[in-house]
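Trainee: Take this structure first; my questions come after.
Read-outs throughout are calculated quantities, based only on the coordinates presented, and are distinct from any laboratory measurement. Source: prediction; values computed, not measured. Cβ sites come from the backbone with ideal geometry, for glycine too, and all protein chains shown count toward neighbours.
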C-alpha cells in the first residue's frame with residue numbers, strides 16, 4: 001500500500017472558502033492558503049490553495065468532485081483573473097489524470113466546466129493573519145454567508161470523506 005502524500009492545487013473562488021472546504025476532509029494532511037501562478041497566459045497570481053493529501057484515504061477524483069461543487073466551476077465571470085477556476089498539477093501524469101476526471105465529471109453538470117488544468121509553477125503563502133480563516137472564527141458574517149453553505153453541501157454529498 002502506498003502511504004505517500006500527493007500535492008495538488010485548487011483555485012476557483014476566495015481562498016478562505018477553498019481552504020475551509022479542504023480542511024474538513026479526511027485524508028487531507030495540510031491545506032496551504034495563498035496564491036498560485038502557472039505558465040503564460042495564466043502567469044498572474046490567483047487565489048488558491050495547495051493541498052497535501054493521502055490518495056489511499058481520499059482519491060484525487062473525490063477532491064476534484066468536491067472542488068467543482070464548491071465554486072462557480074461553470075461560470076467564466078469577470079473575476080476569473082483573481083479567482084481562476086483551476087486544478088494546479090505538479091507533473092504531467094497528474095495533469096493527464098485530472099483531464100480524465102474532468103471529462104467524467106462534466107457529465108454531472110448542465111453547462112460546460114471552465115476549470116483549467118494548469119501546471120503549479122509557483123506558490124506564495126497568504127499572510128498569517130488570513131490563514132485558518134474559518135477555523136479561527138466561523139461566526140464571521142463572511143463565513144456564515146459563503147463558507148457554511150459549502151460545508152453543508154460537502155457534509156451532505158461527501159459524508160464518508162468529512163473528518
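Trainee: How high is the relative contact order of the chain, in percent, counting Cα pairs under 8 Å that sit 6 or more residues apart? Numbers along the way, then the final one.
Mentor: Working: 282 pairs, mean separation 51.8, N = 163.
About 32 percent, as a whole number.
Trainee: Here's another thing I want to ask about it. So for 159, 18, fewest C-beta neighbours within 10 Å to most, what's the order? Mind showing how you got there, number by number?
Mentor: Values: 159 8, 18 26.
Listing 159, 18 from fewest to most nearby Cβ atoms yields 159, 18.
Trainee: Let me ask something else about it. First measure r as the distance between the Cβ atoms of residue 99 and residue 139, then evaluate 1/(1 + (r/R0)^6) with R0 = 35 Å and state the FRET efficiency to the nearest 0.05. Before the final figure, lay out each step's value.
Mentor: Working: r = 40 Å, r/R0 = 1.13.
Once rounded, the FRET efficiency stands at 0.30.
Trainee: Right, another one. Over all directions, the average projected area of the alpha-carbon convex hull for the range 6-161 comes to how many nm²?
Mentor: Details: hull surface 35.3 nm².
The directionally averaged projection comes out at 8.8 nm².
Trainee: For a Förster distance of 35 Å, can you work out the FRET efficiency between the beta-carbons of residue 26 and residue 76, rounded to the nearest 0.05? Walk me through the numbers on the way to the answer.
Mentor: Numbers: r = 32 Å, r/R0 = 0.92.
Once the sixth-power term is evaluated, E becomes 0.60.
Trainee: Per DSSP H run of n ≥ 4, the term is -39500 (n - 2.57); total these for the chain, divide by its residue number, and report the mean residue ellipticity at 222 nm rounded to 500 deg cm²/dmol. Before the final figure, lay out the partial values.
Mentor: Details: 5 runs with 48 residues, N = 163.
That calculation yields -8500 deg cm²/dmol at 222 nm.
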